[in-house]
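The values are calculated or read from the model by the stated rules, or taken from the named source; none is laboratory data. What you are looking at is a predicted structure, and each value in this text was computed from that prediction instead of being measured. Cβ placement follows ideal geometry from the backbone for every residue including glycine, while neighbour counts extend to all protein chains displayed.
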Amino acid sequence: MERTTLEVIAPSVEEALARGLEQLAVPQEMVDVEVLDEGTRGFLGFGARQVRVRLTIKSVDAPDGPRTTSAPESASQPVADSGDPLLDFSAQNARELLAKMKLPARVSAKYGEPDESGDTPILVDIRGDDLSILIGRRAETLNALQYILGLIVSKEAQHWVQVVVDVEGYRARREKQLRQLARRMADQAIRTGKRQILEPMSSAERRIIHLELRGHPDVTSESIGEDPARKVSILLKNK
């Protein structure tokens, strides 16, 4: 499985590392860091060269096939066989990733609703006590877990499979908050006649805003800026 890498150029190694982690949306412990060029300060500001750092997301090797016959250390209850090999494979590998993180939890997997292109996502639900550490700041840890699990499941399926990982209903609560925010900002745009710009969001969260306002009669939405600071702008429609 090819690992995701990112090269970052910045004035210092620390700043390059911070920028890279923000772009990859993963915590530092999930990446290998290689300093490709330590840079130079130059003389009186002339001839200075910035540092160049490569960040590589650590690989997690998937087993040869689905295994659902025994419960790993992270499972507090016996593991049920869903009867679907890919669902069982997804849940089992989520348990193994959690076991590596020393986080006991209960894991289940099911198919979600097909999207507009007809692709059906796999929804992995994680339940347990004190799992806030698994979400992380702006859900960066949760997104990293979701990304890695998606790679493992897609390799097993031999085609891309969208895997959505949720912890204690966090994504459902966040989606509800974003939908409420979209409607509130749309009302404010109508009331003031001014464009409303939201905080930087991931592409998945921006998509929720766009979908919520897709059929709105008075406002439209668009994404502006560059990742990782890309934002949603809500503005009045031209009538």
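Descriptive notes on the structure:
- When the range 115-170 is limited to residues that are modelled with pLDDT under 85 and charged (D, E, K, R), the one that is farthest from Gln28 (Cα to Cα) turns out to be Glu116.
- Close pairs from the range 191-219: first in the same structural domain as Glu175 (by TED's automatic domain parsing), partner assigned to a helix (DSSP H, G or I) and of a type in the set (Val, Ile, Thr), Cβ under 6 Å, at least 6 apart: Asp218/Ile190
- Filter pass, Lys176 being within 30 Å of Ala91 (Cα to Cα), part of a helix (DSSP H, G or I) and either in contact with a Cys (Cβ under 9 Å, 6 or more places away or on another chain) or assigned by TED's automatic domain parsing to the domain that holds Ala105 (or both): no
- Failed condition for Glu212, given (1) charged (D, E, K, R); (2) assigned to a helix (DSSP H, G or I); (3) closer than 30 Å to Leu98 by Cα: (3)
- Residue count for the range 226-239, restricted to those that are within 22 Å of Glu175 (Cβ to Cβ) and surrounded by fewer than 14 Cβ atoms within 10 Å (Cβ to Cβ): 2
- Close pairs (8 angstrom Cβ cut-off, 6 or more residues apart or separate chains): among the aromatic types (Phe, Trp, Tyr) in the range 88-116, part of a helix (DSSP H, G or I) anywhere: Phe89/Val153; Phe89/Glu156; Tyr111/Leu87
- When Arg171 is tested against the conditions (1) of a type in the set (D, E, K, R); (2) farther than 19 Å from Arg137 by Cβ; (3) surrounded by 16 or more Cβ atoms within 10 Å (Cβ to Cβ), the lone failure is (2).
- Taken over the range 116-146, the residue count meeting the criterion of being of a type outside the set (D, E, K, R), loosely packed, with under 14 Cβ neighbours inside 10 Å and assigned to a loop (DSSP other than H, G, I, E, B) is 3.
- The condition (being among the charged types (D, E, K, R) and within 29 Å of Gly20 (Cβ to Cβ)) is satisfied by just one residue among Arg195, Arg191, Arg174: Arg174.
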